[in-house]
Amino acid sequence: MNILIINGSPRIHGNISAMLDAIREEAEQRGAEVTTVLASRLQVKPCTGCMTCRETHHCVLPEDDAQCVLAAIKSCDVLVVGAPCYWGNMPGQLKIIFDRIVYGMIGEDTRGLPLPLHKGKKAILISTSTTPFPFNILFGQSRGAIKAMREILKWSGFKVVSAIELGGTRQHPAGEKVLNRCRKAIKKCM
């Protein structure tokens, strides 16, 4: 089994990283091949919105790390995406990556309706917020980041098996209880 983890957090040793590491370790112990991509270390130019990729199935911008991420998504069986909440959404660098690879995530039928290109694949979503629980959910903080990521993956054909939100991370960083939830989530995909 091939698992791709995309870490959308710029904090390499933060809560998102701890949660994704728990998933990676569990998956590797079960014999999966795991690749981790750190969004903050990628060089990806923003989408210009030209829409040419919808017809040509490749981006008109010079090749950069976006194509590498797309190739990894195409070859994975399970996609795990983790992102902290930035203003009720995912961080900009992660959004730029998804914007740039839209042509490899969804196609279009003759009427312009989306066609999922990753049907049958599974996904796990992770988000954190400094807003305390349950307000991280009620105020749409971590819930907003999850919603945005879920929308992208849903239209791409992924089945989101689990979405884990952790609020109040300033006072309560990711502890063993939430790390165990992460480990259980990857077990559902294997």
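Where is the GNM fluctuation largest for the chain (alpha-carbon springs, 10 angstrom cutoff): PRO91, PRO62, PRO134?
PRO62
What's the lysine pair count for segment 8-134 at a Cα cut-off below 14 Å, pairs eight or more apart or interchain?
4
Looking only at segment 108-134, which residues have a backbone nitrogen under 15 Å from a spot 7 Å from the Cα of ARG150 in the C-beta direction?
Of the residues in segment 108-134, 123-128 have backbone N under 15 Å from the label point off ARG150.
Under the rule of -39500 (n - 2.57) per DSSP H run of 4 or more residues, summed and divided by the residues of the chain, what mean residue ellipticity at 222 nm is obtained, to the nearest 500 deg cm²/dmol? Could the numbers behind the result be given before it?
Details: 8 runs with 76 residues, N = 190.
About -11500 deg cm²/dmol.
If I stretch the segment between GLU33 and PHE139 completely, what's the gain in nm (0.36 nm per residue apart, minus their alpha carbon distance), one decimal?
Values: separation 106, 0.36 × 106 = 38.16 nm, distance 3.69 nm.
Residue separation times 0.36 nm, minus the Cα-Cα distance, leaves 34.5 nm.
Amide H neighbours of ILE164 under 5 Å, at least 5 residues apart or on other chains, H built in the peptide plane: list them.
LEU125, ILE126, SER127
Using Cα atoms only, what is the angle between the long axis of helix 142-156 and the major principal axis of the chain, expressed in degrees (0 to 90) to the nearest 10?
Between the helix axis and the principal axis of the chain, the angle is about 40 degrees.
Antiparallel DSSP bridges in the chain: what percent, to the nearest 5?
Percent antiparallel among DSSP bridges in the chain is about 15.
If you take every residue apart from PRO62 with its C-beta less than 14 Å away from the C-beta of PRO62, what net charge results, scoring Lys and Arg +1 and Asp and Glu -1?
-1
What number comes out for the charge environment of GLN43, summing +1 per Lys or Arg and -1 per Asp or Glu over other residues with Cβ under 14 Å away?
Spelling it out: positives minus negatives among the neighbours equals 0.
Please give the helix 176-189 orientation as an angle from the longest Cα principal axis of the chain, in degrees from 0 to 90, rounded to the nearest 10.
Roughly 40 degrees, rounded to the nearest 10.
Let me know the Kirkwood hydrodynamic radius for the chain, please, with Cα pairs as the basis and the value in Å to one decimal.
16.8
Can you classify segment 1-74 as rounded, prolate or oblate using the Cα gyration tensor, where a ≥ b ≥ c are the square roots of its eigenvalues, rounded means a/c under 1.5, and otherwise it's prolate if a/b beats b/c and oblate if not?
Here segment 1-74 falls in the oblate category.
How much net charge surrounds GLU165 when only the other residues with a Cβ under 13 Å from the Cβ of GLU165 are counted, with Lys and Arg +1 and Asp and Glu -1? Display every interim value, and only then the final one.
Numbers: positive: ARG143, LYS147, ARG150, ARG181; negative: none.
That works out to +4.
I'd like the orientation of helix 65-75 relative to the chain: the angle between its Cα long axis and the longest Cα principal axis, in ° from 0 to 90, rounded to 10.
That works out to roughly 80 degrees.
Coordinate-derived values only; no laboratory data. Only a predicted model underlies this, so the values are computations on that prediction, with no experimental measurement involved. In this analysis, Cβ positions are derived from the backbone assuming ideal geometry, glycine residues included, and neighbour counts consider all displayed protein chains.
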